[in-house]
1. Once you have the Cα-Cα distance between Thr230 and Trp290, take 0.36 nm times their residue separation minus that, and quote the gain in nm to one decimal.
2. Which entries of Lys82/Lys195; Lys102/Lys196; Lys134/Lys196 show an alpha-carbon separation above 23 angstrom in the structure shown?
3. Leaving out ligands, DNA and RNA, and with a 1.4 Å probe, what % of the accessible surface on region 41-107 is carbon or sulfur?
4. How many nm separate the modelled label positions at Ser219 and Ile281, each set 7 Å beyond the Cα in the direction of the Cβ?
5. Rg and Dmax of region 37-130 over Cα atoms: what are they, in angstrom?
6. Report, by chain and number, residues whose modeled amide H sits under 5 Å from the one on Val288, excluding near sequence neighbours (fewer than 5 apart, same chain).
7. Does anything in region 201-217 have its amide N under 14 Å from the 7 Å Cα→Cβ label point of Thr80, and if so which residues?
8. In square angstrom, rounded to the nearest 10, how much accessible surface does Ile81 have for a 1.4 Å probe?
Amino acid sequence: MAPPDAGAAAACGARWVRRDTLLGLALGQFVSLLITATGFASSELARRGINAPTSQSLLNYVLLAVAYGGVLLYRRQPLTIKWYYYLILGIIDVEANYIVVKSYQYTSLTSVMLLDCWSIPCVILLTWVFLKTKYGARKFLGVGVCVLGLILVVFSDVHASDRAKGPNPLKGDLFVILGSMLYACSNVTEEFVIKKSNRVELMAMLGLFGALISAIQISVLEREELHSITWTSGAVLPFLGFAVAMFLFYSAVPVILKLCGATMLNLSLLTSDMWAVLIRIFAYHEKVDWIYFVAFAATAGGIVLYSYSGSNEVEETAQVAGASDEHGKGRDEEAGTRNPA
């Protein structure tokens, strides 16, 4: 009877993988819409001459610290990971948000959204080196095509600067690339932490240290900028919209990292490019350079190449994503073997 039971367990596991993968994809599209909303809010503030990127993120960190910190205090559980790891994660995350939001002062919304795909090869390299995630040749080819789309965006902004919005598109593009590298470090670190700890602790500590670091940075870099802002509804609403969208984004990201990993999260975020183009055309009534559409086609083709995989690759990805759960089950099985009663 053992072989049939093992086969049934394998079939059940395969169904579980498919169900979790679909859930991860759905959540990926949800956070993609949230990222588009944050981009729209940042672009609106930049159009109004408001340049306070750290201040935009402060309210998000405060919401995280209050919401998840309250749950953590209620549970009265000790930290499972040393506090200084969360401090390092907070520094990386705050500076990544600062640099990317700053880029809206120099380049267009569409360029920022498309250039975010640079985080994908960075995530793959980091997960391959530190988390021992395995990737096939087809996945590397898909990433290469995505990077080709990134190169086309930079080429468009350099050679068509009269059509690209912003005083210095090349500088803005470089800011986005640097911010994407920091986002990759942040996402991979969060994936590692969420497998060792839990979502509530991660969000509470990230919110706490993120708020403290943001407050210090605001007092040094943005104090005068905040005093010069005329707080009308046109300035307050984008600030609040950015904070709420980021809070929901941060709350959903650990779930996706647990189910699918950092690479699939960043691939899912690439669909925000489509929404960014629609916003630029219909909300801002701007003309989009034809190279953007070629770049988007290249990016979409890279996603298709990366996403297409055999059953072995799907199972392998799921095993990596659920490594901590498997270790826990293994320990339970060993205890049951030693104590049959």
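The values are calculated or read from the model by the stated rules, or taken from the named source; none is laboratory data. Just so it is clear, the structure is predicted and the values come from calculations on it, not from any experiment. All Cβ positions, even for glycine, are placed from backbone atoms using ideal geometry, and neighbour counts span all protein chains on display. The accessibility values were calculated without ligands, DNA or RNA, using every heavy atom of the protein model including side chains. Shrake-Rupley method; radii C 1.70, N 1.55, O 1.52, S 1.80 Å.
1. Numbers: separation 60, 0.36 × 60 = 21.60 nm, distance 3.74 nm.
The Thr230-Trp290 span can extend by a further 17.9 nm.
2. Working: Lys82/Lys195 15 Å; Lys102/Lys196 33 Å; Lys134/Lys196 20 Å.
Pairs exceeding 23 Å: Lys102/Lys196.
3. On the way: 1970 of 3200 Å².
With neighbouring chains kept in place, the figure for region 41-107 is 62 percent.
4. 4.8 nm
5. Using the Cα atoms of region 37-130, the pair Rg, Dmax is 16.6, 46 Å.
6. none
7. In region 201-217, the label zone of Thr80 (backbone N under 14 Å from the point 7 Å along Cα→Cβ) covers 201-205.
8. Rounded to the nearest 10, the figure is 20 Å².
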